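What follows is a structure written as structure tokens; I'll ask about it next.
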Amino acid sequence: MVNSASLCLCGEKMIQTLEHTAFDVQAIRQHFPVLNRVVKGKPLVYFDNAATTQKPQVVIDALADYYKNYNANIHRGIHSLAEEATAAYEATRDTVQQFIHAKEREEIIFTRGVTESINLVAYTWARTNLKAGDEIIISGMEHHSNIVPWQLIGEMTGAKLKVIPVNDSGELIMEEFHQLLTEKVKLVSVVHASNSLGTINPVKEIIDAAHKVGAVVMIDGAQSTVHLDIDVQELDCDFFAISSHKVYGPTGIGVLYGKRALLEAMPPFMGGGEMIKDVSFEKTTWNDLPYKFEAGTPNIADTVALKAALDFVSGIGKATIRQHEDALLKYATEQLQSIDGIRLIGTAKQKVSVASYVVEGVHPQDLGILLDNQGVAVRTGHHCTQPLMNRFGIPGTTRASFAMYNTKEEVDVMIAGLHKAIKLLR
Amino acid sequence: MSEIKSIAETEEEIVDEFSLFDSWDEKYEYIIDMGKKLKPLEDEHKKDENKIKGCQSTVWMVSELKDGKVYYRAESDAVIVKGLVSMLIRVLSGHAPQEIINAKLDFIDKIGMKQHLAQTRSNGLLSMVKQMKLDATVYQAKAGMN
Ligand SMILES: Cc1ncc(COP(=O)(O)O)c(C=O)c1O
């Protein structure tokens, strides 16, 4: 397979072309400077990608380039730098639109990340559209950021929260979802791919069914955006939330996609500069989309660099990346299963590259410390999904999550580290 | 006459023991070993009010004042944490409240555990120390009232 990727940095300042014959993971690794780190005297094995991915040089360069060469406040200035900065900022909006196949660029709202995107919908759409007696459906595998905002809105509006249960493999029990889905349901908000289990949920089925009862659907794309092809028009979801830092981009920037009609009807989230058309003490009118939801000076640098990240991913090709990650997940799963006393948490048929496990008689924290001592970065704990951990009757798991730059050899390092740790701890 | 060691002396003793190890592997092996040897706490003490927050793992700790000295006992569901607690107990238990309050506890730093354990975990270690000192402060205050 031949992939040619044009990695285009803001303002056509640098064009780099990558030629790959097949997927060359060593060539990919060259783009990520942090992978040269030595931790505790050992080469870093970074398996905490579901928490945040590392950044390729093009992203780091885009950030530095912005500050070095054209830092300016956007939209309002007429001088050259302001124009360049505005163009770069808006170019990211176009790239995001293409990346998730949104119909219009105005449907792309920049936020701080998934958490803010969900809260934006909660405090604008949900707060004004929900009332006592209404119901919100979420799932049993939600991240706290897709639970707590709805609880808060529930308290304000009287709307009730209903939860789709999870089976022993870590899949949603869809029969139960269809049971819960009555005319009372006004909103369904579910995670596309679980950060703790890796499960890919049948969101298309959920969206279609929810629309039949007139409910609005929000999809938490925190984990799916980096692994799966996202087409919001084909999915027909009403809202979709993204965090840049989980897609090889900078922290502090994210996206809320929303259908135009809904966004138009929603009140603003925050008031301030940029989001207004005219301000007087008697009456203020709101700016057009997307600016209505982007009050104040936005996170320009990180937004600009997000484009570099998405171009980088598109340049390599998500399908190619996915193939590599799936192979790693399969290999890691087999290797883990061969360890005595290990229990995989999350064995769904459809998964992104997340391997969560518990080891009999061993606390995840101890495993995490000893793996770190081998240079292996995994995450231990409840992964901000406490209700899900309760469902499995465990306080937490050890989670290895893979990205495009991980290798089979790194999986071997983790497995060897596990053997060593388990021997010490038992 | 057999003097009990002062807090500083025990700290120094632990630092000496750790200086024998060349690698982190050995240090952890030693800490895990201490963790495994820590006398378990009776179930009746493993209740919420004895829990120490700030750790991924759970620590339960109880203390009592006997003849003017504070005695601690603790347990955790994680072995490495248990090893760390056991060192703290070895250093602080059996001393007067004022000595415990004044203890510098820089052995944690000297054996590399403060830098070595990531911030999130070292917070756990710090909250253990805080709780132990808090207990001592309470005993001190009560003694002052009598
Ligand atoms: C499934 C899921 N939802 C939401 C979030 C929250 O994302 P952020 O912290 O970037 O807002 C995360 C991040 O861990 C996640 O994995």
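For region A:72-111, which trypsin sites (Lys or Arg not before Pro) are both in a DSSP coil and crowded by at most 10 other Cβ atoms within 10 Å?
Details: sites: A:76, A:93, A:103, A:105; in loops: A:76, A:103.
Counting only loop positions with at most 10 other Cβ atoms within 10 Å, none of the trypsin sites (Lys or Arg not before Pro) in region A:72-111 qualifies.
Out of residues 5 or more away from residue A:111 or on other chains, whose amide H comes under 5 Å of its own, with H placed 1.01 Å from N in the peptide plane?
Answer set, sorted by chain and number: A:254, A:255, A:256.
Just checking the output field for A:358-370: average partner chain Cβ neighbours within 10 Å of each residue's Cβ? Please list the in-between numbers first.
Values: counts 0, 0, 0, 1, 2, 10, 3, 12, 13, 2, 6, 12, 7.
Going residue by residue through A:358-370 and averaging, the value is 5.
Given B:76, B:87, B:143, which one lies farthest toward the positive end of the charge dipole of chain B, if we put +1 on the Cβ of every Lys and Arg and -1 on the Cβ of every Asp and Glu?
Highest projection toward the positive end goes to B:143.
Can you order the peptides A:299-311, A:80-92 by their average number of other Cβ atoms within 10 Å per residue, highest first? Present the calculation step by step, with values, prior to reporting the outcome.
Values: A:299-311: 25.7, A:80-92: 18.5.
Put in order of decreasing packing, that is A:299-311, A:80-92.
Under a point spin-label approximation (7 Å from Cα along Cα-to-Cβ), what is the residue A:36-residue B:33 distance to one decimal in nm?
The two pseudo-label positions are separated by 4.0 nm.
Run the quick spin-label model on residue A:169 and residue A:78: label points 7 Å from Cα toward the beta carbon, then report their separation in nm to one decimal.
6.4
Within 10 Å of each Cβ in peptide B:21-28, how many partner chain Cβ atoms are there on average? Round it to a whole number, please.
Values: counts 0, 0, 3, 7, 6, 0, 1, 7.
Per residue, the average neighbour count from other chains is 3.
Towards the positive end of the charge dipole of region A:60-314, with charges on Cβ (+1 Lys, Arg; -1 Asp, Glu), say which of A:221, A:198, A:143 has the farthest Cα.
A:143
Counting only C-alpha contacts under 8 Å and six or more residues apart, can you give the relative contact order of chain A as a whole percent? Spell out each step's value before the answer.
Numbers: 858 pairs, mean separation 95.5, N = 426.
Averaging sequence separation for qualifying contacts and normalising by length gives 22 percent for chain A.
Using Cα positions and a limit of under 16 Å, work out the aspartates and glutamates in reach of residue B:46, with same-chain residues fewer than 8 apart set aside.
Partners within reach: B:64, B:75, B:77.
On C-alpha positions alone, give me the angle between the axis of helix B:79-92 and the longest principal axis of chain B, in degrees, nearest 10.
The angle comes out at about 50 degrees.
Where a ≥ b ≥ c are the square roots of the eigenvalues of the C-alpha gyration tensor, would you call chain A rounded, which needs a/c under 1.5, or, failing that, prolate if a/b is larger than b/c, or oblate? Please list the in-between numbers first.
On the way: a/c = 1.99, a/b = 1.18, b/c = 1.69.
Verdict is oblate for chain A.
Which of rounded, prolate, oblate describes region A:60-314, given a ≥ b ≥ c as roots of the alpha-carbon gyration tensor eigenvalues and a/c under 1.5 marking rounded, otherwise prolate only if a/b is larger than b/c? The partial results should precede the final answer.
Numbers: a/c = 2.36, a/b = 1.45, b/c = 1.63.
Oblate, because a/c is 1.5 or more while a/b does not exceed b/c.
Relative contact order for region A:60-314: what percent, with Cα pairs under 8 Å and sequence separation of 6 or more?
About 24 percent, as a whole number.
So, one more: Could you tell me the relative contact order of region B:7-145? Use alpha-carbon pairs under 8 Å, at least six residues apart, and round to a whole percent. Numbers along the way, then the final one.
Details: 171 pairs, mean separation 38.9, N = 139.
Value for region B:7-145: 28 percent.
For region A:192-270, give the magnitude of the charge dipole about the Cα centre (Cβ charges: +1 Lys/Arg, -1 Asp/Glu; no others), in debye to the nearest 20. List each step's numbers first, then the result.
On the way: 5 positive and 9 negative charges, 39 e Å.
Dipole of region A:192-270, to the nearest 20 debye: 180 debye.
Cross-link list A:103/A:204; A:40/A:420; A:408/B:114; A:40/B:110: which exceed 24 angstrom alpha carbon to alpha carbon?
Details: A:103/A:204 18 Å; A:40/A:420 16 Å; A:408/B:114 33 Å; A:40/B:110 17 Å.
Checking Cα-Cα distances, A:408/B:114 exceed 24 Å.
What FRET efficiency comes out for residue A:408 versus residue A:283 if R0 is 60 angstrom and r is the Cβ-Cβ distance? Round to the nearest 0.05. Could you put the intermediate results ahead of the total?
Numbers: r = 63 Å, r/R0 = 1.05.
For residue A:408 and residue A:283, the calculated efficiency is 0.40.
For the pair residue A:71 and residue A:394, what calculated FRET efficiency results from E = 1/(1 + (r/R0)^6), where r is the Cβ-Cβ distance and R0 = 41 Å, to the nearest 0.05?
Numbers: r = 47 Å, r/R0 = 1.16.
Calculated transfer efficiency: 0.30.
Next question. Counting partner chain Cβ atoms within 10 Å of every residue's Cβ in A:274-282, what's the average?
On the way: counts 0, 0, 0, 0, 0, 0, 0, 0, 0.
For this peptide, the per-residue mean of nearby foreign Cβ atoms is 0.
Hey, fewest Cβ within 10 Å first, where do A:324, A:363, A:144 land in order? Before the final figure, lay out each step's value.
Details: A:324 22, A:363 25, A:144 15.
Ascending number of Cβ neighbours within 10 Å: A:144, A:324, A:363.
Would you work out the charge dipole size for the protein assembly as shown about its Cα centre, treating the Cβ of every Lys and Arg as +1 and the Cβ of every Asp and Glu as -1, and quote it to the nearest 20 debye?
700
What distance in nm separates the two pseudo spin-label positions at residue A:90 and residue A:327, each 7 Å out from Cα along the beta-carbon direction?
Inter-label distance under the simple model: 4.3 nm.
Using a Gaussian network model of chain A whose springs link C-alpha atoms within less than 10 Å, name the residue from A:215, A:50, A:132 with the highest mean-square fluctuation.
For chain A, modelled as a Gaussian network with Cα springs under 10 Å, the answer is A:132.
By the scheme Lys and Arg +1, Asp and Glu -1, what is the net charge of all other residues having a beta-carbon under 14 Å from that of residue B:12? Spell out each step's value before the answer.
Numbers: positive: B:5, B:90, B:104, B:110; negative: B:9, B:11, B:13, B:16, B:17, B:106, B:109.
In short, -3.
Which of the lysines could a cross-linker span from residue A:160 if the Cα-Cα distance has to be under 22 Å and same-chain partners fewer than 8 positions apart are dropped?
By straight Cα distance, residue A:160 reaches A:131, A:184, A:186, A:212.
Considering only B:74, B:103, B:136, give the residue with the highest GNM mean-square fluctuation for chain B, with springs between Cα atoms whenever their separation is below 10 Å.
Its mean-square fluctuation being the largest, the pick is B:103.
Another question about this same structure. Which parts of region B:56-80 would a label at residue B:5 reach, counting a residue when its backbone N lies under 17 Å from a point 7 Å out along Cα-to-Cβ?
B:72
Just how large is the dipole of region B:7-145 about the Cα centre, in debye to the nearest 20, putting +1 at every Lys and Arg Cβ and -1 at every Asp and Glu Cβ? Present the calculation step by step, with values, prior to reporting the outcome.
Working: 20 positive and 24 negative charges, 118 e Å.
So the dipole magnitude of region B:7-145 works out to roughly 560 debye.
Then there is this: Which trypsin sites (Lys or Arg not before Pro) from region A:314-351 combine a DSSP loop assignment with at most 12 other Cβ atoms within 10 Å? Provide the component values of the computation, followed by the final result.
Working: sites: A:318, A:322, A:330, A:343, A:349, A:351; in loops: A:349.
Passing sites in region A:314-351 are A:349.
Same structure, new question: Which of the listed residues, B:50, B:24, B:113, is farthest toward the dipole's positive end in chain B, when Lys, Arg count +1 and Asp, Glu count -1 at the beta-carbon?
B:50
Okay, moving on. Say a site is exposed when it is one of the GluC sites (Glu not before Pro), sits in a DSSP loop, and has at most 12 other Cβ atoms within 10 Å; what is then the longest site-free stretch of chain B? List each step's numbers first, then the result.
Values: sites that count: B:3, B:42.
Free of exposed loop sites, the longest segment is B:43-146.
Fewest Cβ neighbours within 10 Å first, please rank A:95, A:397, A:182, A:199 accordingly. Intermediate results must be reported in sequence, preceding the final value.
Details: A:95 20, A:397 30, A:182 12, A:199 27.
Starting with the residue having the fewest Cβ neighbours, the order is A:182, A:95, A:199, A:397.
Using a Förster distance of 51 angstrom, determine the FRET efficiency expected from the C-beta separation of residue A:208 and residue B:22, and round it to 0.05.
Working: r = 62 Å, r/R0 = 1.22.
So the FRET efficiency works out to roughly 0.25.
Which value, to two decimals, describes the C-alpha radius of gyration of region A:219-373 once divided by 2.2 N^0.38 Å?
On the way: Rg = 21.4 Å, N = 155, 2.2 N^0.38 = 15.0 Å.
That ratio works out to 1.43.
Here, each number is a calculation from the coordinates, and none is a lab measurement. Given the structure is predicted, the values throughout are model-derived calculations rather than measurements. As a convention, Cβ positions derive from the backbone with ideal geometry for all residues, glycine included, and neighbour counts pool all protein chains shown.
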